[in-house]
1. Using only helices, what value at 222 nm comes out for chain B when you add -39,500 (n - 2.57) per DSSP H run of length 4 or more and divide by the total residues, to the nearest 500 deg cm²/dmol?
2. Counting partner chain Cβ atoms within 10 Å of every residue's Cβ in B:27-40, what's the average?
3. log₁₀ I(q)/I(0) of chain A at q = 0.10 Å⁻¹, via Debye over equal Cα point scatterers, no solvent, to two decimals?
4. Any idea how far apart B:Ile218 and A:Ser218 come out in nm if each label point goes 7 Å out from Cα toward Cβ?
5. Taking the 0 to 90 degree range and rounding to the nearest ten, how far is the long axis of helix B:88-108 tilted relative to the main principal axis of chain B, both from C-alpha atoms?
6. Just name one of B:Leu55, B:Ser202, B:Leu154: the one whose Cα is farthest towards the positive end of the charge dipole of the stretch B:5-382 (beta-carbon charges, Lys/Arg +1, Asp/Glu -1).
7. Using a simple charge model, +1 on the beta-carbon of Lys and Arg, -1 on the beta-carbon of Asp and Glu, nothing else, what dipole does the protein assembly as shown show about its Cα centre, in debye to the nearest 20?
8. If one computes the Cα centroid of the stretch B:134-158 and of the stretch B:162-182, what distance in Å separates the two points?
Amino acid sequence: MANWGMIIDLGKCVGCQACSLACKAENNVPHGSLYEQKRHQDIYWHKVIAATEGEYPAVNTQIIPMPCMHCEHPPCVNVCPAKATVKRGDGIVMQNFRRCIGCRYCMVACPYGARNFNFKTQEDKEYQRPDLPPDLDLGYGSHIGPWPYPHRTRGVVEKCTYCFHRIDQALENGWEIGSKMDGEDGVLPACVEACPTEARYFGDLDDPESMVSKLLASGTCIKLREEMATDPKTRYLPR
Amino acid sequence: MQLSFAPVQGTSRKYKILVAVLFALALTGVIAYIIAYLNGFKLWGINNSVTWGQLITVDFFFIGLSAGSLVVSSLVYVLGQERYKPIGRIAVFMGLLLMMGAMFTVVTDLGRIEKCWRLFMFFYLNNMKCLFAINGIFYAGYLLLLFTYLVAALSGSKLTKFIAPVAVLWAVLVHMGTGAIVGFIETRGIMYSPMKPVEFISAAFASGLALVMFLSYITLKFSKRPIDKNMYVSLGRMLSVLIIILMVLVLVDKLTHFYPPKRESVMFLISGPWAWIFWLQVVLGYFIPLGILFNPWLRKKVGWVIAACLICVVGILFERAAIVLPGLSQPLQYYPGEIAGIWGARGGFPIMIAETLQTVGIVALVGLLYVVGLRYLELLPASNGEHAQGEPAEHAATAAEGGHT
């Protein structure tokens, strides 16, 4: 089985937020209002942070896009009392809304702030794609095609899935998955696909021929908050 | 020592007003919860940074008070200290009610309350690596033990001798487990500490004893029952020792984290925007009560001792808040440097009406159960004079049913 990972080249990232927008559109993440933004109650599966060191004129601002890190040792899975957060065989850390009881312990434990609580019943106008059919099946093994969460459940925790629905669909249909050296990319998560500067790469970390493995082998990749020993599978090429 | 217990009459105007007020507050809390449930928790102060708020703070507080109350009861039922008998039953009763209150808070804090049964599907549908799930065993067993303990204590059964030590040890387990919920989370610097389970149980002993002293004194005073002032003075001495132990544990914990180089968390706690919570914990929880309890004149005056108890209980509520609110509000340092905008800002926690009314409602509900319990259960030591005037038949019945213990 594959071991999916993502590498983000910080040297190429221009901080345009196309990845965040693509994520919202793909996963039908609600827009969120200004009030919710102020209260920090809006939902983001993907964020872009700007970390500044030094003072003008000797200043350096680093733009860092942050999806879920899909850790090898995810603290959120350990602390979930209801087995609602699980690590799939291919390394993707998933949230099962049917099981989630909304205790928010995973949000306390996540070192990357990758998790969001759904604070209200979202109206249709909140979504990017209100035309999608209602979600009828979130069971294991079967899901309803490329957009898994047209209408979300209130009172549960949500997070990035590496667009698992795209990956699963590609596996079912035998399509190629991941970034390729020759530029003929296979199926990719929405954020990787949308990046205008091609700063993001996605693929199988266990496949020595994959582009992500070759980038990893270059030896320059960094992990965020390495001291937490979570061994994230979203890694970064420093600028 | 022969000591009989009798319920309060509950016919006075003050009693009825108290019941009515507590009922109204509890009902308001229920309505506030229903509204918050139907509208989503956007009505609460919690957000994606500070994910736990007033309810979890009160949950930790109540669990601590419950464990502490049980320990007070152990003075009578485990160690056989007859002089503390007047408050033995009430301590067990408070232990049960406070634990029930804690369960109300933790269950209503869930985003999907209808799925709370999942917490109790031990080893089957829940993840036993999770401290919440492990504590589920502790909490469920504790409630059962407390209930049995109370029944045994009220009926004067000899079983009390066997249940009491188990219940007290279980109470220690319950509260250490609760401390581990926050203490094992490395992500949150203010919470993360191997000391947390020990610190929690120490805070529980101090706050539980202080609350039993305060509430039993007030109850005895209002129900005009005999008050053994020497008992309170001697319990006051015990409280001062417990507070010192707690203070030392907290000091060592904070000093460990204060020692360079990783000291951001403790600096955020003691000098950040939430520092007032921590300093209220220190001043109200430790300094003022110790000031009273070590004063050679004041420590012998029961009124001052009881005041010290109340201040200590309030201080330890701030201790719980100082774990939850600053612990979650401290920004996560995803990358070295100053992170701009919302992702680097500290989490806010506004006091919202729905959440506050619910918190007050749960406290009122526990209070209501306590007051009603006094009316129907033989919890308080009987006053001979009072019985001679008002409740002769009731007193006789009490004695016949084994009220004499």
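1. Details: 14 runs with 264 residues, N = 405.
When only DSSP H runs of four or more count, the value is -22000 deg cm²/dmol.
2. On the way: counts 0, 0, 0, 0, 0, 0, 0, 0, 0, 0, 2, 2, 4, 9.
For this peptide, the per-residue mean of nearby foreign Cβ atoms is 1.
3. Each listed q maps to, in turn, -0.46.
4. 6.7 nm
5. 30 degrees
6. Result: B:Leu154.
7. On the way: 56 positive and 47 negative charges, 545 e Å.
For the protein assembly as shown, the charge dipole is close to 2620 debye.
8. About 12 Å separates the Cα centre of the stretch B:134-158 from the one of the stretch B:162-182.
All of the numbers you see were taken from the coordinates with simple rules; none came from a lab. Note that this is a predicted model, so its numbers are computed, not measured. Using ideal geometry, Cβ is built from the backbone for each residue, glycine included, and neighbour counts are taken over all protein chains shown.
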